[in-house]
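Below you'll find the structure, written out as structure tokens, and then a few comments.
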Amino acid sequence: MKVYLAGHRGMVGGAILRQLKGRKEDGEELELVMRTHAELDLTDQAAVRAFLQAERPDAVILAAAKVGGIHANNTYPADFIYENLMMEANIIHQAFEAGVMRLLFLGSSCIYPKEAPQPMAEDALLTGLLESTNEPYAIAKIAGIKLCESYNRQHGTDYRSVMPTNLYGPGDNFHPENSHVLPALIRRFQEAAQQKRDEVVIWGTGTPRREFLHVDDMAAASLFVLDLPFDQYEANTQPMLSHINVGCGEDISILELAQLVARVTGFEGRIVTDPSKPDGTMRKLMDVSRLKDMGWAPTIGLERGVEETYRWFLGNVETARL
């Protein structure tokens, strides 16, 4: 099988790549096709068309995306909606034009309304207003789901979507302004411990609750969904509600998370909250019963995962801080 993996240099794409390479080493006949951004601009329709017409893969995994935390989403909303819409539209349409019948699209839990009932089930999609801090990104991800469903309905393709909760792990972005909460905390607490500071300030009140999934678990879940027999996938989804939540089904407050990171990094000072900064959505917990019923569950607990991610950060500190 020839598989095109879009976004192989990102955190999620990198994890999927590791698992696909592991399958090849185990004897599975796989041909992996990848391109860097310098080699292929996924927002360029003509370039994507030429690439997919030339390669004609059997399956496509769309893990490429422009991602970032609250600060980045608030600062660059046009970039987030435009670049993600263009990548999705180009790859999904040109994959169809090239005869690709199997595709997996990776979205985000931010597709759900700000006031969605907790835990958030798949049928909460499009039932209310989105969180304003990342609405452009969420709109783009919802469009990706609907692109997949629309091509399935009109053309009989088998394009599937998975919606992960907050992800973390090796290859994460630890930039002080553009990173998500967990890598940002790891960097901040590591620096504070190294410099022997008395306190670390965290954004918001510390009361919002978040769910976190190790990226290796996300990669395993993605390939699990891609590999599902069509009859099993169809039996657990609906034509216009086909996406599948991926998470661990448990959440933790931001303050508790900060305390966990402090323990892992060896920081012994005070943790101070800053209520003047935005909290974002107060709770975001995924209902993962659909995926669980299909037979998949995560294997990496949060403390172990944070410890592994911290070790990776220490070993890659120069590139991780870019």
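Taken together, the values in this text are just the output of simple stated rules run on the coordinates, not laboratory data. Keep in mind that this is a model prediction, so the values were computed, not measured. Here the Cβ positions follow ideal geometry from the backbone for every residue, glycine too, while neighbour counts run over all protein chains shown.
Details
- Here's how it looks for L213: its modeled amide H is under 5 Å from those of N166, L167, Y168, which are all 5 or more places away or on a different chain.
- Taking 20 Å as the straight-line reach from the Cα of K277, the lysines in range (excluding those fewer than 8 positions away in the same chain) are K114.
- Per residue, the average separation of C-alpha pairs within less than 8 Å and at least 6 apart gives the chain a relative contact order of 20 percent.
- Built amide H within the under 5 Å cut-off of V246, gap 5+: M163, T165
- Magnitude of the charge dipole, the range 68-173, Cβ model with Lys/Arg +1 and Asp/Glu -1, debye to 20: 200 debye
- Alpha carbon centroid spacing (whole Å) that separates the range 92-159 from the range 252-310: 25 Å
- Of P275, G305, G315, farthest towards positive along the dipole that unit charges on Lys, Arg, Asp, Glu beta carbons give the range 267-318: P275
- Answer label for Cα extents along the principal axes in Å (calculated), chosen among [x] 58, 47, 39; [y] 60, 41, 38; [z] 73, 42, 37: [y]
- Backbone amide hydrogens, once placed in the peptide plane, bring I202 within less than 5 Å of V272, T273, D274, excluding anything fewer than 5 places away on its chain.
- Pairwise Cα inverse-distance average, inverted: Kirkwood Rh of the range 1-137 (Å): 16.3 Å
- Estimated vicinal HN-Hα couplings, Hz - the range 296-307 in sequence order (Karplus 6.51, -1.76, 1.60; Gly, Pro = x): 10, 8, x, 10, 10, x, 5, 5, 4, x, 5, 4
- Dipole of the chain [Lys/Arg +1, Asp/Glu -1 at C-beta], most positive-end residue of M218, I81, Q195: Q195
- Dipole check for the chain: with +1 at the C-beta of Lys and Arg, -1 at the C-beta of Asp and Glu, and the Cα centre as origin, the magnitude is about 400 Debye.
- Aspartates and glutamates whose Cα lies under 18 Å from that of K292, excluding same-chain neighbours fewer than 8 positions away: E122, D123, E211, D216, D217, D227, D231, E234, E250, D251
- Phi angles across the range 217-227 convert, under the Karplus curve 6.51 cos²θ - 1.76 cosθ + 1.60 with θ = phi - 60°, into 3J(HN,Hα) values of 5, 4, 4, 5, 5, 4, 5, 4, 5, 4, 7 Hz, Gly and Pro given as x.
- Each Lys and Arg Cβ is given +1 and each Asp and Glu Cβ -1; about its Cα centre, the range 24-82 then shows a dipole of about 400 debye.
- In the chain, the calculated helix contribution to ellipticity at 222 nm averages -14000 deg cm²/dmol per residue, counting -39,500 (n - 2.57) for every DSSP H run with n ≥ 4.
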